[in-house]
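Okay, so here's the structure we're looking at.
The values are calculated or read from the model by the stated rules, or taken from the named source; none is laboratory data. Bear in mind that the values here come from a model prediction, so they are computed numbers and not experimental data. Cβ atoms come from the backbone with ideal geometry, glycine included; neighbour counts cover every protein chain shown. Just so you know, the surface numbers come from the protein's heavy atoms only, side chains and all, with ligands and any DNA or RNA stripped out. Shrake-Rupley method; radii C 1.70, N 1.55, O 1.52, S 1.80 Å.
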Amino acid sequence: MRRPFVAGNWKMHGSKAMIQTLLAELVEGAKPLESVDMAVCPPSVYIDYVKQGLVETKISVGGQNMADVAEQGAFTGEVTGVMLKDVGCDYVIVGHSERRTLYAETDEQVANKVSIALAEGLTPILCVGETLKERESNVTEKVVGSQMQAVLDKVGVKAFAKVVVAYEPVWAIGTGMTASPQQAQDVHAFIRGLVAKQDATIAESLIIQYGGSVKPNNAKELFSQTDIDGGLIGGASLNAVDFLAICEAAGDACSK
Ligand code: 13P
């Protein structure tokens, strides 16, 4: 049985004041939530601050992005995986669709980042997903398949023992247009099947999160699907009550 995992992607939101309030509520509410792994991914300048605020809890911290080079050096504005690890991150989001579309990240760069993250002892949360146009053109599996394959080719299937995949249909992100539980399940099963072709054991234990307009009122139905093991939460992770309700739903629904 896979242990559910819910991560909050705060994207470019936050301030020290906002974080103080949010963490106080999370720390209080997360205490009874033992049956789910939880993480928050703040903007990188706040990682250390958030980490300090969570020392007494089991909530992990993750980065939202990292450089696609391993060594420190003359890369103005970039942050290495080593630095994320140094300030206490366990996870790093890699290949989010906002990085792929707004910052033109390629499959090759994403694969490099996954490889570097693993080498630094960080668990990459590898995001994959199709646009609305791609879904309407019936190429969802082709698109998601090639995003996955680029990383499988680079790091090998065994490395997926330490990778989390997040299926995030681009059209569902921040739009309120959640994928139906069946639509999400179909792609999750496809992703697991792709990995299973190379290693059934790794595929069986692979955590595949769903992301895209997950809210307290749709979380349980999504997480009840056989191949959905939790979520990567954007907007709703900025509200402690909503985020905790979603984590609770994962704990309930994923014990399958
Ligand atoms: P929303 O939950 O705001 O749709 O964002 C999802 C997401 O992009 C998480 O990485």
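Residue-wise test of (1) in contact with a strand residue (DSSP E or B) (Cβ under 8 Å, 6 or more places away or on another chain); (2) touching a residue at least 12 places away in the same chain (Cβ under 8 Å).
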{"residue": "Lys16", "(1), (2)": "no, yes"}
{"residue": "Pro43", "(1), (2)": "no, yes"}
{"residue": "Lys51", "(1), (2)": "yes, yes"}
{"residue": "Ser60", "(1), (2)": "yes, yes"}
{"residue": "Gln64", "(1), (2)": "yes, yes"}
{"residue": "Ser97", "(1), (2)": "yes, yes"}
{"residue": "Tyr103", "(1), (2)": "no, no"}
Checklist entry - Mind checking which residues of region 224-249 are touching an Asp or Glu at 6+ places or on another chain (Cβ under 8 Å) and open to solvent by less than 20 Å² (accessible area, probe 1.4 Å)? => result Gly230, Leu232, Ala236, Ala240
Checklist entry - For Thr57, are the conditions met, namely being surrounded by fewer than 19 Cβ atoms within 10 Å (Cβ to Cβ), modelled with pLDDT of 95 or more and polar (S, T, N, Q)? => result no
Next on the checklist: On the basis of being more than 16 Å from the ligand (Cβ to nearest atom) and either surrounded by fewer than 24 Cβ atoms within 10 Å (Cβ to Cβ) or at positive phi (or both), does Met148 make the cut?
Outcome noted: yes
Checklist entry - Inside region 67-123, can you point out the residues that are open to solvent by 80 Å² or more (accessible area, probe 1.4 Å), modelled with pLDDT of 95 or more and not in a helix (DSSP H, G or I)? => result Ala74, Phe75, Thr76, Glu78, Tyr103
Checklist entry - Consider Val187 against the criteria (1) touching a helix residue (DSSP H, G or I) at 6+ places or on another chain (Cβ under 8 Å); (2) within 16 Å of the ligand (Cβ to nearest atom); (3) assigned to a loop (DSSP other than H, G, I, E, B): it satisfies all of them except one. Which criterion is unmet? => result (3)
Checklist entry - If a residue has to be among the β-branched types (Val, Ile, Thr), open to solvent by 50 Å² or more (accessible area, probe 1.4 Å) and at pLDDT below 95 to count, how many in region 167-218 make the cut? => result 1
